[in-house]
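J.: Please find one structure pasted underneath; my questions will follow.
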Amino acid sequence: MSSNSTTTAPAFPWVGLLVLAGAIFVSVTSEFLPTGLLPDMASELEVSESRIGLLVTIFAGTVVVSTTPLAALTRRYSRKYLVVIVLLVVATGNVLAALAPTYEILVGARIIGGLAHGLFWAVVGAYAAHLVPKHQIGRAVAITSGGGTAAFVLGVPLGTALGHALGWRLAFATIGVIVIVLAILVLRFLPAVDHRVPLATGEIPMPLRKDRSIPGVIVLCFVIIVVMTGHNLFYTYIAPWLISVGGFGEDSIAILLFLFGGAGAVGLVLAGLVSDRFPRGGMIVATTVVAVSVLVMALWSGSQVVIVASLVVWGIAFGGLPAMLQTRMLHTASARMRDLAAALFTTSFNFAIGFGALVGGLLLDQAGIITLPFVDVVIIAVGVVFMVVSNLWLSARAKRARIA
């Protein structure tokens with residue numbers, strides 16, 4: 001056999017995946033930056049901390065409303081150039097936020113960012129699966145998810161430290177500039193992909209609503225909504241909780257968020273090791289540990305040592321959870337459903353972020369900040385129970401399909 005006929009497996013697309021990870025880093029940092037700067041922004045704009053927390057809700061709510069329609073309208077366009085365009089819009093939203101003279105204009109800037117963020121995740125959520133064969137999806141998602149983890153390790157803590165030192169507006173402006181740099185890197189280094197799935201010879205196109213993977217996708221969306229609502233209900237207001245309940249100084253918040261994010265990096269590595277081998281069991285264990293660590297933090301809030309230790313465990317357990325959920329979604333959805341599944345994943349995730357921040361803000365005003373972690377634990381416990389029940393149901397459904 002001649003050397004010309006010899007086939008080799010394509011090289012693993014490290015550069016493209018790392019560029020995607022960088023884009024995810026700046027996007028996630030942009031979304032969660034208000035959580036670390038919440039007291040500073042509330043003070044300058046002369047509004048309550050719950051109203052600043054509402055910025056997270058508004059951002060996420062925009063994502064929920066716009067993601068699926070925008071994904072449908074742009075489904076025929078190049079995935080690569082869509083990533084570039086939405087990154088430039090994200091940059092615009094951050095610069096406008098930095099310049100906003102009033103709370104109302106800041107809300108408008110966050111809406112612009114939310115519109116871009118939703119479409120960004122609808123495209124990027126499935127991009128890794130287009131770059132690699134199916135058996136490498138877990139590995140590819142773990143790499144791109146490293147961008148989200150890095151946002152919690154470096155992005156939000158550094159943005160918080162910068163905001164405390166030089167003002168929150170400079171933090172938003174800096175993120176805007178970094179997003180523009182990432183857009184240039186995407187244009188230069190991200191491989192283009194063909195996201196369309198061709199029909200086999202003689203195959204008749206079937207409406208997506210009849211796809212057999214839809215029930216599993218819907219179940220996973222509900223899991224995401226419940227678990228992430230519980231998490232964000234508390235995490236959105238973690239800075240004021242650490243200050244008022246934990247007794248930490250404002251200057252300590254960036255360090256504590258750095259610890260949380262660093263622990264999340266460890267969790268992401270663990271997720272990469274277990275998500276392909278134990279996709280369901282790994283999610284259940286990680287989610288349970290999140291609930292237990294938050295409960296310990298709430299019960300022993302008088303001890304700063306316990307709070308720091310619990311924050312680290314919480315970070316490890318939560319750090320790999322988004323990657324596990326995304327990998328599970330891409331494995332659950334059929335190839336023709338991946339882009340829609342990515343859009344639904346983004347919509348569910350951001351609905352939970354926004355709803356959690358909204359409920360947390362209401363509890364903050366009505367029942368006090370001390371109640372937030374306890375409500376968080378109850379909601380996440382419900383999510384764990386639903387995971388177990390839904391896993392049994394999906395397994396039984398798949399077994400019946402094989403028999404039939």
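J.: Taking interchain pairs and intrachain pairs at least six residues apart, which have beta carbon atoms under 8 angstrom, with the first residue in the range 295-316 and of a type in the set (S, T, N, Q) and the second not in a helix (DSSP H, G or I)?
T.: Partner pairs satisfying both residue conditions: 301/245; 301/246; 304/246; 304/247; 304/248; 310/300.
J.: Please work out which one of (1) at pLDDT 80 or above; (2) in a helix (DSSP H, G or I); (3) farther than 27 Å from residue 265 by Cα is the condition residue 47 fails and give its number.
T.: (2) is the only condition that residue 47 fails.
J.: Given the options 148, 138, name the one that is crowded, with 21+ Cβ neighbours inside 10 Å, assigned to a helix (DSSP H, G or I) and within 15 Å of the chain's Cα centre (by Cα). Lay out the reasoning, then the answer.
T.: Working: 138 fails: within 15 Å of the chain's Cα centre (by Cα).
Answer to the check: 148.
J.: As an exercise: evaluate residue 347 against (1) buried (at least 23 other Cβ atoms within 10 Å of the Cβ); (2) of a type in the set (Ser, Thr, Tyr); (3) outside any helix (DSSP H, G or I) and give the number of the one condition it does not meet.
T.: (3)
J.: Given the criteria farther than 16 Å from residue 270 by Cα, of a type in the set (S, T, N, Q) and touching a helix residue (DSSP H, G or I) at 6+ places or on another chain (Cβ under 8 Å), does residue 149 qualify? Reasoning before the result, please.
T.: Values: farther than 16 Å from residue 270 by Cα: no; of a type in the set (S, T, N, Q): yes; touching a helix residue (DSSP H, G or I) at 6+ places or on another chain (Cβ under 8 Å): yes.
Taking the combined requirement at face value, the residue does not satisfy it.
J.: What are the pairs with Cβ atoms under 8 angstrom where one residue, in the range 1-25, is closer than 24 Å to residue 174 by Cα and of a type in the set (A, V, I, L, M, F, W, C) and the other, located anywhere, is modelled with pLDDT of 65 or more and part of a loop (DSSP other than H, G, I, E, B)? Sequence gap at least six, or different chains.
T.: So the pair list comes out as 19/190; 20/190.
J.: Checking residue 164 against (1) farther than 30 Å from residue 283 by Cβ; (2) over 19 Å from the mean Cα position of the chain (by Cα); (3) free of Cβ contacts under 8 Å to residues at least 24 places away in the same chain, which single condition isn't satisfied?
T.: (3)
J.: For residue 124, state whether it is part of a helix (DSSP H, G or I) and either under 30 Å from residue 250 (Cβ atoms) or free of Cβ contacts under 8 Å to residues at least 12 places away in the same chain (or both). Explain how you work it out, then say what you get.
T.: Details: part of a helix (DSSP H, G or I): yes; either under 30 Å from residue 250 (Cβ atoms) or free of Cβ contacts under 8 Å to residues at least 12 places away in the same chain (or both): no.
Judged against the criteria, residue 124 is not a match.
J.: Would you point out the residue of the range 299-344, among those that are part of a loop (DSSP other than H, G, I, E, B) and of a type in the set (S, T, N, Q), that is surrounded by the most Cβ atoms within 10 Å (Cβ to Cβ)? Don't jump to the end; show me each part of the working.
T.: Filtering the range 299-344 down to residues part of a loop (DSSP other than H, G, I, E, B) leaves 300-303, 320, 333-334.
Keeping just the survivors that are of a type in the set (S, T, N, Q) gives 301, 303, 334.
Values: 301: 18, 303: 15, 334: 16.
So the residue we want is 301.
J.: Kindly indicate whether any position in the range 362-385 is at pLDDT below 80, in a helix (DSSP H, G or I) and within 23 Å of residue 218 (Cβ to Cβ). Steps first, answer last, please.
T.: Going residue by residue through the range 362-385, those that are at pLDDT below 80 are none.
So far as the range 362-385 goes, no, none of its residues is at pLDDT below 80, in a helix (DSSP H, G or I) and within 23 Å of residue 218 (Cβ to Cβ).
J.: Still on this structure: Does residue 262 meet the test of being out of contact with any Cys (no Cβ under 7 Å at 6 or more places or on another chain), more than 22 Å from residue 154 (Cβ to Cβ) and among the small types (Gly, Ala, Ser)?
T.: Working: out of contact with any Cys (no Cβ under 7 Å at 6 or more places or on another chain): yes; more than 22 Å from residue 154 (Cβ to Cβ): no; among the small types (Gly, Ala, Ser): yes.
Judged against the criteria, residue 262 is not a match.
J.: Can you confirm whether residue 77 is outside any helix (DSSP H, G or I) and surrounded by fewer than 20 Cβ atoms within 10 Å (Cβ to Cβ)? Give the steps one after another, and end with the answer.
T.: Details: outside any helix (DSSP H, G or I): yes; surrounded by fewer than 20 Cβ atoms within 10 Å (Cβ to Cβ): yes.
Against the criterion (outside any helix (DSSP H, G or I) and surrounded by fewer than 20 Cβ atoms within 10 Å (Cβ to Cβ)), residue 77 qualifies.
J.: Hey, can you tell me all the residues within the range 157-181 that are touching a helix residue (DSSP H, G or I) at 6+ places or on another chain (Cβ under 8 Å), more than 30 Å from residue 333 (Cβ to Cβ) and of a type in the set (A, V, I, L, M, F, W, C)?
T.: Within the range 157-181, the subset touching a helix residue (DSSP H, G or I) at 6+ places or on another chain (Cβ under 8 Å) is 157-164, 167-180.
Among the residues that remain, those that are also more than 30 Å from residue 333 (Cβ to Cβ) are: 157-164, 167-178, 180.
Listed by number, the residues that qualify are 158, 161, 162, 168, 170, 171, 172, 173, 175, 177, 178, 180.
J.: Further question on the same structure: Contact list please: Cβ distance under 7 Å, first residue in the range 69-86 and over 13 Å from residue 342 (Cβ atoms), second residue among the aliphatic types (A, V, I, L, M) and loosely packed, with under 15 Cβ neighbours inside 10 Å, pairs at least six apart or on different chains.
T.: Note: pairs meeting the criteria are 78/192; 80/192; 84/187.
The values are calculated or read from the model by the stated rules, or taken from the named source; none is laboratory data. All figures in this text were calculated on a predicted structure; none of them were measured in a lab. A quick note on method: Cβ atoms are made from the backbone with ideal geometry, for glycine too, and the neighbour counts reach across all protein chains shown.
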